[in-house]
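Input: a single structure, listed below in structure tokens.
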Amino acid sequence: MSDDCIFCSIVAGDIPARTVRETDDVLAFLDANPLSRGHALVIPKSHAQHVGDLDDDLAGELFAVVTDLVPHIGSTVGADGANVGINDGEAAGQEVPHVHVHVIPRFEGDGGAPLHAVGGERPDLSDDELDAVAEAIAE
Ligand code: 5GP
Ligand code: ZN
């Protein structure tokens with residue numbers, strides 16, 4: 001637990017939240033400032049800022065809750081789809097430094113955008129550059 005973390009305070013019960021799912025190590029609750037009806041956040045109960053900080057078991061449990069909740073929330077609110085994503089790090093827009101998966105139900109004609117919209121200007125990468133990036137990552 002981190003003392004000055006809002007989501008740790010929610011886990012501890014010090015800040016109220018609209019809980020929609022709870023397991024031993026994972027909590028899901030509605031976003032206080034939702035982007036759509038049913039917008040939920042799925043978090044590990046233990047404090048970590050980055051997805052890369054999670055061990056495999058916890059990451060698996062977190063994603064299991066996500067894959068269970070996405071269709072469940074969708075059918076509950078009558079959504080047509082969902083965006084599922086993580087802002088990992090301040091440069092990516094992370095405001096609360098405790099890992100959280102956004103589950104954002106989407107509705108036909110809601111005026112929103114796909115995840116492709118989160119990037120900045122697209123880099124103009126040659127095939128050679130793409131090959132080099134893939135090789136470096138795969139190493
Ligand atoms: P981030 O930009 O870090 O990915 O998103 C943080 C999210 O947490 C935002 O969508 C924001 O509305 C939500 N949020 C911030 N504070 C609280 C809170 O105290 N309770 C709940 N339920 N959601 C919060
Ligand atoms: Zn925390």
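Keeping every protein chain in place, order PHE29, PHE63, PHE107 by accessible area at 1.4 Å, biggest value first, i.e. largest first. Don't skip to the answer; put the middle values down first.
On the way: PHE29 5, PHE63 125, PHE107 55 Å².
Result, largest first: PHE63, PHE107, PHE29.
Sorted by packing (mean other beta-carbon atoms within 10 Å per residue), highest first, where do 129-136, 79-86 land? Please report the intermediate quantities before stating the final value.
Values: 129-136: 10.5, 79-86: 16.5.
Top to bottom by mean Cβ count within 10 Å: 79-86, 129-136.
Given R₀ = 22 Å, FRET efficiency for ASP24-ALA48 by Cβ-Cβ distance, to 0.05?
Numbers: r = 16 Å, r/R0 = 0.73.
My answer for the efficiency is 0.85.
Amide H to amide H under 5 Å from LEU27: which residues, 5+ apart in sequence or cross-chain, H placed 1.01 Å off N in plane?
ILE43, LYS45
Tell me, what ³J(HN,Hα) does each residue in the range 18-25 have, in order and in whole Hz, if you take phi through Karplus 6.51 cos²θ - 1.76 cosθ + 1.60 with θ = phi - 60° and put x for Gly and Pro?
After applying 6.51 cos²θ - 1.76 cosθ + 1.60, I find 8, 5, 10, 6, 9, 10, 3, 10 Hz.
For the chain, rounded, prolate or oblate, judged on the Cα gyration tensor with a ≥ b ≥ c (square roots of eigenvalues), a/c < 1.5 rounded, else prolate if a/b > b/c?
Details: a/c = 1.93, a/b = 1.31, b/c = 1.47.
In terms of gyration-tensor shape, oblate.
Heads up, I need the accessible area for ILE15: 1.4 angstrom probe, whole protein in place, Å², nearest 10.
70
Check ARG106: other-chain or 5+ apart residues with amide H under 5 Å from its amide H, H built from backbone geometry?
Those lying under 5 Å, H to H, from ARG106 are ASP80, GLY81, ALA82, ASN83.
Suppose R0 equals 41 Å; then what is the FRET efficiency for ASP56 and ASP14 from their Cβ-Cβ distance, rounded to the nearest 0.05? Please list the in-between numbers first.
Working: r = 29 Å, r/R0 = 0.72.
Efficiency at R0 = 41 Å is approximately 0.90.
HN-Hα J couplings of the range 121-127 from phi, Karplus 6.51/-1.76/1.60, θ = phi - 60°, integer Hz, Gly and Pro as x?
Result, ordered by residue: 5, 5, x, 9, 9, 6, 4 Hz.
Gap in Å between the Cα centre of the range 89-139 and the Cα centre of the range 1-56?
When both Cα centres are located, 22 Å separates them.
The values are calculated or read from the model by the stated rules, or taken from the named source; none is laboratory data. Small disclaimer: the values here were computed from a predicted structure and weren't measured. Quick reminder, even Gly has a Cβ in these numbers, built from the backbone with ideal geometry, and neighbours come from all protein chains shown. These accessible areas exclude ligands, DNA and RNA; they are computed on the full protein's heavy atoms, side chains included. Shrake-Rupley method; radii C 1.70, N 1.55, O 1.52, S 1.80 Å.
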